[in-house]
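To start, the structure under review is shown below, and the notes come after it.
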Amino acid sequence: MKLLWGRGNCRVLIETLDTAVSVNGLYVLARDVQRILGQYSFNLFVWTHDETFRVSLLGSATPLIYRDQYLVLCTGHQIKGVDPEDISMLTEDGEFAVTSSGYTALRSGAEGMLHDLQDIVIFNFNDACEEHPALRQRFFKVGEFPPDCMSDAIVAVLNYGYPSKDQLYELHDKNHIGSRRRATTLKAHRQPPDETLLHLKPLQKLTFSPDGLSGGPNFVIQRSGKDFVAYFAGVTVRAGAEDLYMVKSGCIKGLLDTAIDVRS
């Protein structure tokens, strides 16, 4: 596998059919990586307590297994004005909306010191996954964190999310919600002054409205010796047609540890 550049574009070239990438410890064909990693993202829901419009869509979310805990990450601005206890994820068959067992969020810093890291919210879904074991397969297992998202060893950065204008909301007429996931390939552009962030650029200008991408996951495919490994790279906090900012996973690690330790 190698990265080809030309006319401001790039693509991953699969040189042989057996080129493989390690995803959660299992090797998969490179041509399947984008699809498989997309399974580790989903539409965030809120239980509305309304008999007709029972759930509402809140954009994207990042499901992770870390230290044997099933955690769902999103951003605080997605759930502004919403009771966090009503944040939900749907079961595979779409029959049930299951809520979390609590959440962790950073307190705002000193006045004038607003950082995107403080926008990350972490929900615990251990009880939901115990009650609905099929949900567990939707969580990406985080063991190692990417050594360096600006490294020359990076082959690609893959972003996933559920743009608001793409979702099909037909609860009134058909009792149906259609979720459409977008996958975007990006490259690391620069390191902002805020060390917790990374500025990314899509390889091509987005053809859809990025509203709704916040909270979704980013993964890097990185060369590790002779192997290629998929790592959780971070959570999208801001996105535009030509720019995307994510909070880096290495900075999120401390939040994950705190979210687990305060419950133990």
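Out of the residues in segment 204-254 that are among the hydrophobic types (A, V, I, L, M, F, W, C) and open to solvent by 20 Å² or more (accessible area, probe 1.4 Å), which is nearest to Gln69 (Cα to Cα)?
The selected residue is Cys251.
Quick one: Gln78 ticks every box in (1) of a type outside the set (Gly, Ala, Ser); (2) open to solvent by 20 Å² or more (accessible area, probe 1.4 Å); (3) under 14 Å from Ala259 (Cβ atoms); (4) modelled with pLDDT of 85 or more bar one, so which box is it?
Result: Gln78 passes all but (3).
Identify the residue in segment 30-53 that is assigned to a strand (DSSP E or B) and out of contact with any Leu (no Cβ under 7 Å at 6 or more places or on another chain) and, among all such residues, is modelled with the lowest pLDDT.
Taking the candidates together, the pick is Trp47.
So which of Ala259, Ala233, Ala188 is more than 19 Å from Phe42 (Cα to Cα), of a type in the set (Gly, Ala, Ser) and touching a residue at least 60 places away in the same chain (Cβ under 8 Å)?
Criteria check complete, one pass: Ala259.
Select from segment 121-175 the residues that are modelled with pLDDT of 80 or more, among the charged types (D, E, K, R) and within 28 Å of Lys80 (Cβ to Cβ) and list them in ascending order.
Scanning segment 121-175 gives Asp127, Arg138, Lys165, Asp166.
Listed residues Asp83, Asp18; which is modelled with pLDDT of 85 or more, more than 23 Å from Gly234 (Cβ to Cβ) and open to solvent by 40 Å² or more (accessible area, probe 1.4 Å)?
Matching residue, one of Asp83, Asp18: Asp83.
The values are calculated or read from the model by the stated rules, or taken from the named source; none is laboratory data. Fair warning: this is a prediction, and the values are worked out from it, not measured in the lab. Here Cβ is always computed from backbone atoms with ideal geometry, including for glycine, and neighbour counts include all displayed protein chains. Only protein heavy atoms, including side chains, enter the accessible area calculation; ligands, DNA and RNA are left aside. Shrake-Rupley method; radii C 1.70, N 1.55, O 1.52, S 1.80 Å.
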